[in-house]
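Enquirer: Mind having a look at this structure? Questions to follow.
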Amino acid sequence: MPICRLLRITCHEQEDWTGEDDPYIKINSEVVWGPKSMSAGETREIYRDYQFNHRAKVTLYESDDWDPDDFLGEHVITRADIGKGEQEFSFKEDDANYSIWIVALSHPTG
């Protein structure tokens with residue numbers, strides 16, 4: 001079964017005007033990372049694997065306490081991405097700017 005490996009996330013521009021963002025990542029509606037506090041210019045290592053059948057929909061949100069969480073964007077990983085190596089995907093909705101590096105693998109590796 002193919003693997004979607006989340007490698008790292010970088011915050012280029014925060015969604016929140018005050019304080020840090022608290023981004024989290026869902027794959028196919030399942031929270032797989034976060035929320036973690038991040039500021040502009042910060043990068044965090046992830047190294048989280050997610051098995052998928054046909055596609056892995058990677059969605060980034062920013063957690064909010066007092067109103068609905070902010071949707072920052074999504075990208076779909078498929079079997080066609082296997083063999084392309086490390087890919088950078090941008091998430092730029094709601095005035096934020098994040099990058100997530102992902103690699104699609106045909107099977108788990110070390």
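Enquirer: Out of (1) free of Cβ contacts under 8 Å to residues at least 40 places away in the same chain; (2) open to solvent by less than 40 Å² (accessible area, probe 1.4 Å); (3) under 18 Å from TRP33 (Cβ atoms); (4) out of contact with any Lys or Arg (no Cβ under 6 Å at 6 or more places or on another chain), the odd one out for LEU72 is which?
Expert: Failed condition: (1).
Enquirer: Among residues belonging to the stretch 12-29 that are more than 11 Å from the chain's Cα centre (by Cα) and surrounded by 14 or more Cβ atoms within 10 Å (Cβ to Cβ), point out the one that is nearest to TRP101 (Cα to Cα). Walk me through it before giving the result.
Expert: Residues of the stretch 12-29 more than 11 Å from the chain's Cα centre (by Cα): 12-22, 28-29.
If we keep only those that are surrounded by 14 or more Cβ atoms within 10 Å (Cβ to Cβ) too, we end up with 12, 14-16, 20-22, 28.
Numbers: HIS12: 13, GLN14: 18, GLU15: 19, ASP16: 22, GLU20: 21, ASP21: 19, ASP22: 18, ASN28: 17 Å.
Ranking the qualifying residues of the stretch 12-29, first place goes to HIS12.
Enquirer: Right, something else. With SER106, SER29 as the choices, which residue is in contact with a helix residue (DSSP H, G or I) (Cβ under 9 Å, 6 or more places away or on another chain) and among the hydroxyl-bearing types (Ser, Thr, Tyr)?
Expert: SER106
Enquirer: Let me ask you something else. Return the residue satisfying two criteria in turn: it lies in the stretch 30-55 and is among the small types (Gly, Ala, Ser) and touching an Asp or Glu at 6+ places or on another chain (Cβ under 9 Å), and of such residues it is surrounded by the fewest Cβ atoms within 10 Å (Cβ to Cβ).
Expert: It comes out as SER39.
The values are calculated or read from the model by the stated rules, or taken from the named source; none is laboratory data. Fair warning: this is a prediction, and the values are worked out from it, not measured in the lab. Cβ: placed from backbone, ideal geometry, glycine included. Neighbour counts: every protein chain shown. When the accessible area is computed, the model is the full protein with side chains, heavy atoms only, and any ligands, DNA or RNA have been set aside. Shrake-Rupley method; radii C 1.70, N 1.55, O 1.52, S 1.80 Å.
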